[in-house]
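Structure record follows, encoded as structure tokens.
The values are calculated or read from the model by the stated rules, or taken from the named source; none is laboratory data. Because the structure is a prediction, the values reported are computed rather than measured. FYI the Cβ positions are ideal-geometry reconstructions off the backbone, even for glycines, and counts take in every protein chain you see. Surface accessibility is based on the protein's heavy atoms, side chains included, excluding ligands, DNA and RNA. Shrake-Rupley method; radii C 1.70, N 1.55, O 1.52, S 1.80 Å.
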Amino acid sequence: MTGAGRVLPILRHPDPVLRRICPAVTAFDDDLAALARDMLATMYAAPGRGLAAPQIGRETRLFVMDVTWKDGVPDPRVLINPEITWRSGTDAIHVEGCLSVPGIPARVARPDTVTLRWQGLDGALRSETFTGMAAVCAQHEIDHLDGILCIDRALPDAAA
Ligand code: ZN
């Protein structure tokens with residue numbers, strides 16, 4: 001999954017594609033698998049921990065993430081038609097960066113734990129609970145599928 005993908009250009013804010021609400025994936029075919037491979041290659045090359053399809057100009061509900069590869073533990077994930085099915089009541093504040101908004105980190109408060117349901121490349125439903133960096137990344141990437149950027153959610157700079 002990590003090999004053989006093409007590195008694609010990443011769109012930058014204020015590209016209007018980054019503001020669209022992406023429609024669901026309906027075809028689980030070879031083209032989708034190729035898109036996922038390309039997105040992983042692009043994410044690793046950036047280098048980043050997550051990348052959503054609209055960031056490479058594809059308006060479709062798919063994102064890739066790997067929150068541990070920078071620590072030497074590759075864990076490539078492809079999440080298709082993801083939905084948050086549960087959110088913890090506790091928020092955590094993290095400084096988020098975005099490959100489409102380079103150089104402008106944003107302090108964002110989000111639930112610290114979320115349960116996601118999504119489809120794999122085979123179309124099968126999966127569910128998992130994410131916490132820590134994985135929860136931050138997944139919520140950031142799902143926002144991209146709805147045309148939302150982390151700078152939209154940025155808290156004031158002054159720490160409370
Ligand atoms: Zn982003």
Compute the acute angle (0 to 90°) between the alpha-carbon long axis of helix 30-45 and the principal axis of greatest extent of the alpha-carbon atoms of the chain; round to the nearest 10°.
40
Rounded, prolate or oblate for the stretch 43-104? Axes are the square roots of the Cα gyration tensor eigenvalues, ordered a ≥ b ≥ c, and the cut-off for rounded is a/c under 1.5.
rounded
Note, ILE21: beta-carbon cut-off 13 Å, +1 each Lys/Arg, -1 each Asp/Glu, net 0
Could you work out the local net charge near ASP112, counting Lys and Arg as +1, Asp and Glu as -1, over the other residues with Cβ closer than 10 Å to its Cβ?
+1
How high is the relative contact order of the stretch 30-128, in percent, counting Cα pairs under 8 Å that sit 6 or more residues apart?
21
Compactness check, the stretch 9-76: C-alpha Rg relative to the 2.2 N^0.38 Å globular estimate gives 1.13
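Using every Cα-Cα pair within the chain, state what percent have a distance larger than 25 Å. Display every interim value, and only then the final one.
Details: 3095 of 12720 pairs.
In whole percent, the share of Cα-Cα pairs in the chain beyond 25 Å is 24.
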To the nearest 10 degrees, the tilt of helix 132-145 (Cα long axis) against the first principal axis of the alpha carbons of the chain is 70
With a probe of 1.4 Å, find how much accessible area the chain has per residue, and write the answer as a whole number in Å².
49
Counting only protein heavy atoms with a 1.4 Å probe and every protein chain in place, the carbon and sulfur fraction of the accessible surface of the chain in whole percent equals 53
Gap separating the Cα centres of the stretch 9-80 and the stretch 98-127, nearest whole Å
11
Ranked highest first by average number of other Cβ atoms within 10 Å, how do 118-130, 43-55 line up?
43-55, 118-130
